[in-house]
Amino acid sequence: MKIVVIGAGNIGSLLGALLSESGQDVTLVELRRDIVDAIQKEGVRIDTSSGKTIQAAVKITDTVETVGVADLVVLAVKANATRDAIAGCKGIIDERAWVLSVQNGAGNVETIVEVLGDSSHVVGGVFFCVVTPVRLNQLSWVVGTGGLEIGPVDGVVSAEVNEIADVFRGAGLDVAVSTNVQEVIWSKLLQNVPLALGTAMRLTNDEYVAYPHAKEIVIKMAEECLAVTRAAGIVLDRTKDPIRQLLDTIQKFHDSGTKPKCSMLQDLERGRRTEIDAINGSIVREGRRLGVPTPVNEVMVALVKIQEEKNCA
């Protein structure tokens, strides 16, 4: 399958390397010239928690027009770049091509559909992984994290959607397919609510349960998110209490002794804008639309934006 991955950050580079190593025809598209130069020269290196190193030669370019029509376009850019990224890809997307978003937050698939004018070949997805940058073309990846959940926007799990899932399974990832893409997206969004706290207070992922007041804030943010999804008719708690699941995940970080920083905090420390509007900001916007109060998320969004104003001016 001819796959074009838009964005060579942590997720894009990881997926591009794994897919390329599995035998797929993969090209990364990245605007930052320093990343392009590093990957062209040395490929992508992934140091895994098991001690194994993956060194993948991956094609990369900063000019999407040179790639040609794709079978699958994977959007791995930050949420605030979605509109420009998909608009720039229209030349490589024909009536047979599929688009998969593996981005954080809500609203990305809606933007993709709006730009393309068609939802029939758009798939939303979430990628659960712990990956941190070491250098421009080198990542540290916790093996065992790398679960992908996807759902077609029109709810139809076609043979093509299952083929996309099999491609990622062939790259060594666990993949689940859903008929309810909003359930997939908001389940991940709820798991991401602590990112705002970690960014505002400069906490590592293990510290959300280390301090009682931090844990209390995480629970309140998650409860607001759950209230919004229920008001929207999106059911997240079919098999397990999602808030309990969130706390269990954080506890695992705490017990492991590792101290990873969330992607939002990493962005802030690099002087970049964060995805706060697509994550906690989505909870606030939907809450206002549906008449559901979200005061804790509102405050956390404001605190992160203060940090952005301070560090990203």
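The values are calculated or read from the model by the stated rules, or taken from the named source; none is laboratory data. None of the values given here were measured: they were computed from a predicted structure. Here the Cβ positions follow ideal geometry from the backbone for every residue, glycine too, while neighbour counts run over all protein chains shown.
See the values below:
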read-out	value
Meets criteria (at pLDDT 95 or above and surrounded by 17 or more Cβ atoms within 10 Å (Cβ to Cβ)) for I39	yes
Some residue of segment 269-280 being out of contact with any Lys or Arg (no Cβ under 9 Å at 6 or more places or on another chain) and at pLDDT 95 or above	yes
Yes/no for V26 being assigned by TED's automatic domain parsing to the domain that holds W141, at pLDDT 95 or above, part of a strand (DSSP E or B) and under 21 Å from the mean Cα position of the chain (by Cα)	yes
Sole residue being on the phi > 0 side of the Ramachandran plot, more than 18 Å from the chain's Cα centre (by Cα) and either free of Cβ contacts under 8 Å to residues at least 60 places away in the same chain or assigned to a helix (DSSP H, G or I) (or both), chosen from G233, G287	G233
Matching option when the condition is surrounded by fewer than 16 Cβ atoms within 10 Å (Cβ to Cβ) and within 24 Å of S282 (Cβ to Cβ), among G151, G117	G117
Output for segment 184-207, where each listed residue is closer than 14 Å to Q245 by Cβ and assigned to a helix (DSSP H, G or I)	W186, S187, K188, L189, L190, Q191, P194
Any chance V304 is under 20 Å from E183 (Cβ atoms), of a type in the set (A, V, I, L, M, F, W, C), under 22 Å from the mean Cα position of the chain (by Cα) and not assigned by TED's automatic domain parsing to the domain that holds G12	no
Check on A81, in a loop (DSSP other than H, G, I, E, B) and buried (at least 17 other Cβ atoms within 10 Å of the Cβ)	no
Sole exception among (1) surrounded by fewer than 19 Cβ atoms within 10 Å (Cβ to Cβ); (2) touching a helix residue (DSSP H, G or I) at 6+ places or on another chain (Cβ under 6 Å); (3) under 21 Å from E163 (Cβ atoms) for G23, by number	(2)
From D47, D34, residue being surrounded by fewer than 23 Cβ atoms within 10 Å (Cβ to Cβ) and assigned to a strand (DSSP E or B)	D47
Output for segment 235-246, where each listed residue is among the hydrophobic types (A, V, I, L, M, F, W, C) and surrounded by 17 or more Cβ atoms within 10 Å (Cβ to Cβ)	L236, I243, L246
Segment 120-142, subset within 17 Å of the chain's Cα centre (by Cα) and in a loop (DSSP other than H, G, I, E, B), residue farthest from D267 (Cα to Cα)	V142
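Each row is one residue, and each column tells you yes or no for (1) modelled with pLDDT of 95 or more; (2) in the same structural domain as F127 (by TED's automatic domain parsing); (3) under 28 Å from V292 (Cβ atoms); (4) more than 18 Å from the chain's Cα centre (by Cα).
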site: G144; (1), (2), (3), (4): no, yes, no, no
site: V161; (1), (2), (3), (4): yes, yes, no, yes
site: I164; (1), (2), (3), (4): yes, yes, no, no
site: V167; (1), (2), (3), (4): yes, yes, no, yes
site: N192; (1), (2), (3), (4): no, no, yes, no
site: K215; (1), (2), (3), (4): no, no, yes, yes
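So that you can scan it fast, the table gives a plain yes or no per residue for (1) in contact with an Asp or Glu (Cβ under 9 Å, 6 or more places away or on another chain); (2) in contact (Cβ under 8 Å) with a residue 40 or more places away in the chain:
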position	(1), (2)
V44	no, yes
G51	no, no
T61	yes, no
Q103	yes, yes
